[in-house]
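Undergrad: I am attaching a structure below and will ask some questions about it afterwards.
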Amino acid sequence: MEISDNITVMRLGKVTGNVAAKNTNARELANMMVGREVVLRVEKSAKKPGKVAVEVDNLWVKDNRNLDAVRGISFKIRKGEVLGVAGVAGNGQTELVEALTGLRKIEKGKYIYNGEDVTKKTVRELRERNIGHIPEDRYKYAMVKEYPNYYNLILGKHYKEPFAKNGFLNHKVINKNAEILIKRFDVRPPDGTIPTGNLSGGNQQKVVIAREVSFNPEFIVIAQPTRGLDVGAIEYVHKEILNLREKDVAVLLVSMELEEVLSLSDRIIVMYEGEIMGEVKPDEVTIEELGLMMAGHRIEDIKLEEKLAHGGDPIEK
Amino acid sequence: MKNKLSKNAMNILVPVTSVIIALFIAGIVILLIGKNPLSAYWVMLKGAFGNKAALAANISKMMSLVLTGLAVGFGFRAGIFNIGAEGQLMMGAIFSTIVGLNLGGVSPVFAIPITMLAGILGGAFWASIAGYLKATTGAHEVITTIMLNWIAVYLTNYFVAGPLAVGQGVPKSPEIAQSAQLPPLMTVQATTLPSGIIVSIIAAILVYILLEKTTTGYELKAVGFNPYAAEAGAISLSKNIVLTMAISGALAGLAGSMEVMAIHHRIFGDFSGGKGFDGISIALIGQNNPIGIIFAAFLISSLRTGSNAMQFAKVPDDIVTIIQGIIIFLVAADRIVRTFILKFSSPKGGESK
Amino acid sequence: MKKAVLLVLLMALVVSSFAFKVIMVSDVGGLGDKSFNDGTWAGILKAKDKYGIDVQVIQSKEQSDYVDNLSNAAKEADVVVAVGFMMSNALFDVAPQYPATKFIGIDIAPPEGGKVPKNVQLYLFKEQESAFFVGYLAAAMTKTGKVGFIGGIAIPPVERFRYGYMAGVKAYNDIYGDNVEVVVGYTESFTDAAKGKSMALAQYAEGADIIFAAAGACGNGVIDAAKEKSLKLYGIDANADLATVIDKYFEKGEGYFAIGVDSDQDYMAPGYVLASALKRVDNASYYGVRDAYRNRFKGGLQVLGALEDGVSLSQMKYTKGLVPARILAEIEYLNYAIKSGLLVVPDNENDLNNFSADIEFPF
Amino acid sequence: MNVFQAVFYSLSTPIFYKLMLISATPLIFAALGGVFSEVTGVTNIALEGIMKIGAFTAVVFTFYTGNPWLGLLGAIIAGVMLAWLHAYVSIRWSADQIVSATALILIASGLSAFLMEPIFGHSGQTDFVAKIPKVKIPAIQNVPFFGQIFDEMSIFVYLAFIAVALSWFLIYKTPLGLRMRAVGENPKSADTLGVNVFRIRYFGVLMSGVLAAFAGAYLSIGELGQFQENMPSGKGFIALAAMILGNWNPVGAMWAALLFGASDALNIQLQSILDIPPEMKALLNLLPFVITIIVVSGFVGKTRPPAADGVPYEKE
């Protein structure tokens, strides 16, 4: 925008607009790109969360270098509630996500899901219990890029009926499944036989989300769901996350995008060096406070500082 | 946008062109040593397909090459480089022989499958050692399978010179029981057309079904393409590593078993003669596709059989090793070949020629 | 062009069908092994020079080539020479299919049943007899009281070499009341020369000063080790002439030697190879081809020993001067004793253990 | 002597260490070659082939010139040419590196066997040629024990250890080494930082050609003075194992090669010391391979290749 004089916007192979750069703004361009008004701040309905679905108590996890990455954190997530995890990258979020999805060993602590201790369960056992996962690095963890869409759309439940029976894949069902999901989640191009790796980033993410949503999770771990996506796709992803919330799914959302965490979460925890710096509600926290927590200040200390700065008066929100 | 040729046509054209280019280059080499490449190739062609005996010799070579090719190719599909087909073949042969020796009074209906199974288990067992070590301790399969190859060589030598030794002359085991031998499909003078070729083809089809139609194949390929995503997709890596090695080894072991049951009826020193290593070439030429591997094995066995005859034209058979090398090199550099084909298939390229 | 090629081919066929043709099928070792393949080929070439026959060699790359190559050769040739024990099974499968062709099997034992096809002439060798000579020589020449033996893979011919060698040492010990020991090792290969060399260095370090290698091309490594150790001991460089080497040996009163096998390997490092235990495969192939050419081919098995010129001690062209005359005379007498049946050299473990040399030299 | 006494006796003799070094030297060179190539992200299982062509060319050049040093030069040229082929298709054409290397092993073995006849007039093995002379370092000669290990040692043995030190320094202590590792771990970000990925990878692969050629030349003109058809007899693959066992690090690869050399030396020595039947002696030859497997799985465990090892890099 800064260097162009004129901007042509293309969508679905067609030119949808041509404007002079000085006569437009980001919102308008985004509008043209997705073909509708972009809701940058998602509206989420007020919702009363259900009973506790996930309970994590004093969780310790090591990283690849065998150092403690998650250091004794505890939290709860209720059904129909989105718990956001904020923090600067590399403060244990990745290890937390991997621990909760069975990809990484839990060294110490308890991981209770629907009243059951699932601390030592494998990925498959967790998936069997309807725990979903949208990984942060979709290219590496979420899909086999050489596999056609119809295969990636069953990854994780590929061995179960109706997709497989007696060890044999049921390609009829698999194709039908792909057809339905591609239509419902608007994957483009709408072709189940195309290797997922050949799709655009947004459409790849749609495939991943389509799969995880179609598995009907009760608890889902979502990491960096919009990294590298264009505005249209971001909006779409946000909508799907809120849909999950509507369906009473417990959601753990890890994101580097503060806006995203703030707008989607019911509660937010901030991680710093493997520990929780504090738990806040999105409408009761300022960006500045979040930033301080992300830099390693505990929420109690921040509040205390603020009190002192205001001569002991609690600040009004 | 980049070509008018379909993907399938290209998949066939590339190897075929590679073979032609390789023969052309080798032809120049033959010319350089003062021999006529055309007559050399003619003799080679006759030697590979010229008569029933030649064809039988050709097929009997092809038999175990299909299986070792499948063994290596199967491993590649799951992201594992099984360089140990050589040793697994030998272990399969040893197991088959030991079992086959003791089935004297048993009806062939039982003796044949039992002996075959012994070979399959022998190969699977040998490969599983590498698979198990990789899964539990992370020991790299290339190291362990190379070491296991050598161990298998020395074990074979030990068996045929020690506990299994019989007769004078070559250190060798006794012949396995008649009932455990696979009868030949056809006998042309001293050359037989082993019925084992049917086993090989069936094995290729089974591997194809396993890879394309079953959840096991789905999981193995996923692990091969992207172990991280596979793991996140509820696929156990260690289970699949062991399973892949076991199946890969079973195929190589079956090759050893077939050599024993259908051709030699016994084991002796230097049993494999590099068939396991040839499996690597064949898997690569066949692009790890079971059906492609059948054709690749036939190509290599034809070159080998033909090369023996080519010596009658006074051309050293080492030229075939060179040809094989160039073919595989061009398979590796398939993009060069593709570019080459596209240039010649496009009308523009045709005009400028 | 095609026609011309065809014509040439046809001509070649016509011409070859008139000549008496001999094709040798080598085992996987192939020509250039400086051992029995080369030796057999030398015998065939000798027959070629003498009788003007047509000869050719076909090399086998792997075990499964044997049947193929023997069959192809049988169609083309009057005589097919199969070289090496590895080819036994293939030979007995192929020969009956081509009754008009004559087969010569070098180093091939009869099949288990013992019946040799009529058109097959087999030659085996009493390796133990030539090894006996070098064993005796080594025991007589050692300054350390220890000699070495390096085998390839423990196959029967290698083992026969070992039995003969150890019997030769034993004979010397019996006669002279000495106690020369034998160090034994196996490379488990006939081709890994580096391993042969390492093993020789280890045996030299163990105190052996003469090593007999019956290990195919591994022997080249053993010879190289002998040369290297001697050069160091003598303090000369690799290009020193034979006279210097011999002078130095006498000056130092000791030296390191290798003993060659199968063909005369003395030339490979003159002055450092004490002798070679010859196995005259060249004689065998020459006799076989000659008999076939003269229509005197009989078929069956012939075991060639010292008496039949099948095995012998090499001429020791370079090293004869190093050996005391008495020892040479004794070996000559032992040769006579073996040829005349006075002395039987053991060819198995059992006989070796019971072996004692009951020899009185008449001088 | 029982087995344990024999082992301890063996370990106390200088010849054990000498044999260990002799056996380890070609492995060290070849494994270093592997490290150079793979650190930059190109797998090279063609070491066996490069060694073979190096060993052969060394003898051919020495045969024609009479000078083994020119033989070594010839080996390096041939090794680099073969490695260049691998580099060209792997780097320029994103070829499958295992396929390409397999091809080169075949081509090397076909060529050396095929050319033997026209050059030497016979096949199987070449004539004997001059060797690169052994060196004596007077200072070491008079030290007891060590003097016996290092007397009459090939210069290649010393060069091998110098090569280890230089390689380690180059890879871990110089800007070029940093670039190599960056290209091997993450070519894309290296590229964005202005590193010429292709050129660095060419360098790595060609260096592997040089080093593997040294390994081959050592076998032919360093020890034996001739080339035999099956010359490296699998040492290239064992070097590959040493490279992995050494965790793609020059020093680690050296230790792995020494371990292998030591178990080989032990096998050879035990055969001379122990009085056991021939078939048991034959089984002793299993020793190096069994020891390697135990070490790989028991003590070393998971080794990690450079992240982009074997992955072709394509500029977008």
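Each reported figure results from applying straightforward, stated rules to the coordinates on display, with no laboratory input. Keep in mind that what you see is a predicted model, and the values were worked out from it rather than measured. Every residue, glycine as well, gets a Cβ built from its backbone with ideal geometry; the counts of neighbours run over all protein chains shown.
Undergrad: Please give me the summed charge of the neighbours of A:E55: other residues whose Cβ is under 13 Å from its Cβ, Lys and Arg +1, Asp and Glu -1. Don't skip to the answer; put the middle values down first.
TA: Numbers: positive: A:K51, A:K76, A:R78, A:K79, A:K110; negative: A:D57, A:E81, A:E116, A:D117.
After counting each charged neighbour, the total is +1.
Undergrad: Among the helices of chain B (complete DSSP H runs), which have Cα atoms covering no less than 30 Å along the helix axis and a Kyte-Doolittle mean of at least 1.6?
TA: Within chain B the helices that satisfy the rule are B:7-32.
Undergrad: So for the range D:3-300, if I pair up every lysine 8 or more residues apart or on another chain, how many of those pairs have alpha-carbons under 18 Å apart? Don't skip to the end; give the middle numbers.
TA: Details: D:K18/D:K134; D:K18/D:K136; D:K52/D:K131; D:K52/D:K235.
Here the count comes out as 4.
Undergrad: Something else about it: With 10 angstrom as the radius, rank A:S200, D:S12, B:S301 by how many other C-beta atoms surround their C-beta, starting from the fewest.
TA: On the way: A:S200 14, D:S12 9, B:S301 24.
Least to most surrounded, the residues fall as D:S12, A:S200, B:S301.
Undergrad: Under 13 Å from the Cα of A:K183, which aspartates and glutamates turn up, not counting those fewer than eight places away in the same chain?
TA: The reachable aspartates and glutamates, counting only those whose Cα sits under 13 Å from A:K183, are A:D191.
Undergrad: When you look at the Cβ of every residue in B:329-340, what mean number of other chain Cβ atoms sits within 10 Å? The partial results should precede the final answer.
TA: Values: counts 12, 5, 6, 16, 12, 6, 6, 5, 1, 1, 1, 0.
Taking all residues of B:329-340 together, the mean is 6.
Undergrad: Then there is this: Taking K and R as +1 and D and E as -1, what net charge do the other residues with C-beta under 14 Å from the C-beta of D:K134 add up to? Kindly include the intermediate steps, with their values, before the conclusion.
TA: On the way: positive: C:K197, C:K227, C:K229, C:K232, D:K18, D:K131, D:K136; negative: C:D224, C:E228, C:D237, D:D151, D:E152, D:E223.
Net charge around D:K134: +1.
Undergrad: Which of rounded, prolate or oblate describes the range D:76-147 when judged by the alpha-carbon gyration tensor and an a/c cut-off of 1.5?
TA: Values: a/c = 3.58, a/b = 1.60, b/c = 2.23.
Here the range D:76-147 falls in the oblate category.
Undergrad: Ok, one more. Give the order of B:W150, D:W84 when sorted by the count of other beta carbons within 10 angstrom, beginning with the fewest.
TA: Neighbour counts put them in this order, fewest first: D:W84, B:W150.
Undergrad: In straight Cα distance, which aspartates and glutamates are under 19 Å from A:K22, not counting same-chain residues fewer than 8 positions off?
TA: Cα-Cα hits under 19 Å: A:E2, A:D5.
Undergrad: Pull up the cross-link candidates among the lysines for C:K339, meaning alpha carbon to alpha carbon under 21 Å and not fewer than 8 places away within one chain.
TA: Leaving aside lysines fewer than 8 places away in the same chain, those within reach of C:K339 are C:K126, C:K170, C:K279.
Undergrad: At R0 = 56 Å, how high is the FRET efficiency between D:V251 and C:N348 if r is their beta carbon distance? Nearest 0.05 is fine.
TA: It comes to 0.60.
Undergrad: Could you please rank D:S154, C:S71, D:S112, placing first whichever residue has the fewest other Cβ atoms within 10 Å of its Cβ?
TA: The fewest-first ordering by Cβ neighbours comes to D:S154, C:S71, D:S112.
Undergrad: Quick check: convex hull over the Cα atoms of the protein assembly as shown, volume per residue in Å³, rounded to an integer? Show your work: numbers first, answer last.
TA: Numbers: hull volume 290.8 nm³, N = 1349.
Given the Cα convex hull of the protein assembly as shown, per-residue volume reads 216 Å³.
Undergrad: Sticking with this one: Do you know the Lys pair count in the range A:187-317 for C-alpha distances under 23 Å, with sequence separation 8 or more or different chains?
TA: Lysine pairs satisfying the spacing and distance rule in the range A:187-317 number 10.
Undergrad: Ranked highest first by the average count of other Cβ atoms within 10 Å around their residues, in what order do A:73-85, D:47-59 fall?
TA: D:47-59, A:73-85
Undergrad: Can I ask one more? Using θ = phi - 60° and the Karplus form 6.51 cos²θ - 1.76 cosθ + 1.60, what ³J(HN,Hα) does each residue of the range A:142-159 get, whole Hz, x for Gly and Pro?
TA: Ordered by residue, 3J(HN,Hα) equals 9, 7, 9, 5, 7, 6, x, 3, 5, 7, 5, 6, 10, 4, x, 10, 4, 9 Hz.
Undergrad: What does the net charge come to around D:A217 if you take all other residues with beta carbon closer than 14 Å to its beta carbon, with K and R at +1 and D and E at -1?
TA: Charge balance near D:A217 sits at +2.
Undergrad: Would you mind getting me the FRET efficiency between D:N142 and C:Y176? Use the beta-carbon distance for r and R0 = 22 Å, nearest 0.05. Spell out each step's value before the answer.
TA: On the way: r = 38 Å, r/R0 = 1.75.
With R0 = 22 Å, the Cβ-Cβ based efficiency is 0.05.
Undergrad: Using every alpha carbon pair in chain B, what percent of pairs falls into each 20 Å bin from 0 up to the bin containing the largest distance?
TA: Histogramming chain B at 20 Å steps yields 28, 55, 16, 1 percent.
Undergrad: Go through A:K172/B:K61; C:K61/C:K102; A:K51/A:K108 and tell me which ones have a Cα-Cα distance over 28 Å in this structure.
TA: Working: A:K172/B:K61 40 Å; C:K61/C:K102 23 Å; A:K51/A:K108 25 Å.
Beyond 28 Å between Cα atoms: A:K172/B:K61.
Undergrad: Given only helices, namely DSSP H runs of n ≥ 4 each adding -39500 (n - 2.57), what is the per-residue ellipticity at 222 nm of the protein assembly as shown, to the nearest 500 deg cm²/dmol?
TA: Mean residue ellipticity at 222 nm (helix-derived): -17500 deg cm²/dmol.
Undergrad: Testing the spin-label approximation: label points 7 Å from Cα along Cα→Cβ at B:F49 and D:R304. State their distance in nm.
TA: Placing both labels 7 Å beyond Cα along the Cβ direction yields 5.3 nm.
Undergrad: Tell me the angle of helix C:281-293 to the major Cα principal axis of chain C, expressed in degrees between 0 and 90 and rounded to the nearest ten.
TA: 30 degrees
Undergrad: Assign unit charges at the C-beta atoms only (+1 for Lys and Arg, -1 for Asp and Glu), then state the dipole size of the range A:127-278 relative to its Cα centre in Debye, rounded to the nearest 20.
TA: Values: 20 positive and 21 negative charges, 170 e Å.
Value, rounded to 20: 820 debye.
Undergrad: What's the average, rounded to a whole number, of partner chain beta-carbon atoms within 10 Å of each residue's beta-carbon in A:161-168?
TA: 3
Undergrad: If you line up the long axis of helix C:65-76 against the longest principal axis of chain C, both from Cα atoms, how many degrees apart are they, to the nearest 10?
TA: The answer is roughly 50 degrees.
Undergrad: Next question. To the nearest 10 degrees, how steep is helix D:175-185 against the longest Cα principal axis of chain D, on a 0 to 90 scale?
TA: Once rounded, one gets 80 degrees.
Undergrad: Determine the percent antiparallel among the DSSP beta bridges restricted to the range A:52-306, to the nearest 5.
TA: Antiparallel bridges: around 60 percent, rounded to the nearest 5.
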